[in-house]
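A short worksheet on the structure shown next.
The values are calculated or read from the model by the stated rules, or taken from the named source; none is laboratory data. This is a predicted model, so every value here is computed, not measured. As a convention, Cβ positions derive from the backbone with ideal geometry for all residues, glycine included, and neighbour counts pool all protein chains shown.
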Amino acid sequence: MKREAVEILSHLVAIPSVSSMSNQPVIDYVLKRLDRRAWNIDLHPYHDPAGTAKNNLVAVTKSQHGLEPELALVCHTDTVPFDLGWEDALSGRVRNGKLYGRGSCDVKGFLACMLAAISQIDIKRLAKPLAIVLTADEEVGCVGAKYLVRKKAIQARYTIIGEPTGLRPVCAGKGYALGEIVVRGKEAHSAFPAEGRSAIYDAARVIARLERIAKKLAAKKNAAFDPPFTTLNVGLIRGGSAKNIVAGKCRITVEWRPIPGQDPQWTARLIQEELARLAREYPGLEAWFDIVRLDPPFDPAATDHLATLLASLSGRRSTTVSFGTEAAHLSALTSEAVVFGPGNMTTAHKTGEFVPTAELSECTAHLMAVIETLCR
Ligand SMILES: [Zn+2]
């Protein structure tokens, strides 16, 4: 019984489900475990931009009342890529109380606990409906979750979104926004710089202003977070074509993570304004800004019944996270959302990813208790 989540997780880790692949094999694995006499199952398939088939699953327990689900358990089915030289990537091997493999922590561990929990509960006895929601393409922009929100695929009172939080309930998170600034100059032979205009020199001016914006963002605090403000990062610059050519183009990739209560558009506007100012100060400077992503923060709900319940079960106080989750999107489909799950995000997304097996048993027990409490 106690080992069930570990066994399920070993199977799940052995099914590769990197975002670039179809997630159907994971969906199929879960479908095999759901008793059709107890669950109504809806599938929401789509094709990703590469034409790969993706699927989202919404399963709701059958109930004579036909109520909307009291509790939804949400989990993404994709993982980040892995190094082909990592021999444990798909092994699901357990060593010293840790189960290794890609996705073990982010986030098949939670999925295994969810499946172990529902297999140990008499689902038909639940008075209020329980839902299971599996999403595709979380790691590449919460695509599946956004799809389900657009389709209004479900409305649940309480929602637990699985992510590695070390079994601490998380009730708020930063948003995620991404943009690209393209600076245009004029190419020339580097022996005659006056004939051209260096996009790299202009980009340097832009970057100095971005640093100034980052300082401005740091002045607006939300003490619930670490760090307690919207962070901004220039993660990439690509410009120029050769050492002896005045650069004709330079691209700057900029990312920011807005705190709850702050519209991600606000930083975008600050960047736009600064570019307009630079163009006035440096005649001929040409730069434009494309927003690639604007995922809102995960704002805390008006009530905290679910977070309080999970905190008392786990004995861990609720907290906030600085990484993006599906919660910001799925908040539209629920009154209260909490992010919760076994493992630590700092071990995810790298070779050697693992989840402690003790946390799997603990999470399974908490999920059973939450289901029994809320859906009784
Ligand atoms: Zn995840």
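Among residues of the stretch 132-161 that are touching a residue at least 12 places away in the same chain (Cβ under 8 Å) and of a type in the set (A, V, I, L, M, F, W, C), those with a beta-carbon under 6 Å from a residue that is more than 16 Å from the ligand (Cβ to nearest atom) and assigned to a loop (DSSP other than H, G, I, E, B) at least six positions away or on a different chain give the pairs Ala153/His44; Ala156/Pro69.
Restricting attention to the stretch 92-114, the residues being in a loop (DSSP other than H, G, I, E, B) and near the ligand (Cβ under 10 Å from one of its atoms) number 4.
Put simply, of Phe82, Phe110 the only residue that is crowded, with 24+ Cβ neighbours inside 10 Å and touching a residue at least 12 places away in the same chain (Cβ under 8 Å) is Phe110. For Leu34, state whether it is away from the ligand (no atom under 16 Å from the Cβ), out of contact with any Cys (no Cβ under 9 Å at 6 or more places or on another chain) and within 27 Å of Ala348 (Cα to Cα). Here the answer is no, as Leu34 does not meet what is asked. Just a yes or no: is a residue in the stretch 137-150 among the β-branched types (Val, Ile, Thr), in contact with a strand residue (DSSP E or B) (Cβ under 9 Å, 6 or more places away or on another chain) and assigned to a strand (DSSP E or B)? Within the stretch 137-150 (the criterion being among the β-branched types (Val, Ile, Thr), in contact with a strand residue (DSSP E or B) (Cβ under 9 Å, 6 or more places away or on another chain) and assigned to a strand (DSSP E or B)), the answer is no, since none of the residues qualifies. In the stretch 135-165, which residue that is under 22 Å from Ser104 (Cα atoms) and either β-branched (Val, Ile, Thr) or away from the ligand (no atom under 14 Å from the Cβ) (or both) is modelled with the lowest pLDDT? Looking at residues that are under 22 Å from Ser104 (Cα atoms) and either β-branched (Val, Ile, Thr) or away from the ligand (no atom under 14 Å from the Cβ) (or both), I get Val140.
Residue by residue, here is whether (1) away from the ligand (no atom under 16 Å from the Cβ); (2) closer than 26 Å to Glu7 by Cβ holds:
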{"position": "Phe323", "(1), (2)": "no, no"}
{"position": "Ala328", "(1), (2)": "no, no"}
{"position": "Thr334", "(1), (2)": "yes, no"}
{"position": "Gly341", "(1), (2)": "no, yes"}
{"position": "Lys350", "(1), (2)": "no, yes"}
{"position": "Phe354", "(1), (2)": "no, yes"}
{"position": "Glu359", "(1), (2)": "no, yes"}
{"position": "Ala369", "(1), (2)": "yes, yes"}
{"position": "Leu374", "(1), (2)": "yes, no"}
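The number of residues in the stretch 113-125 being crowded, with 21+ Cβ neighbours inside 10 Å and at pLDDT below 95 comes to 0.
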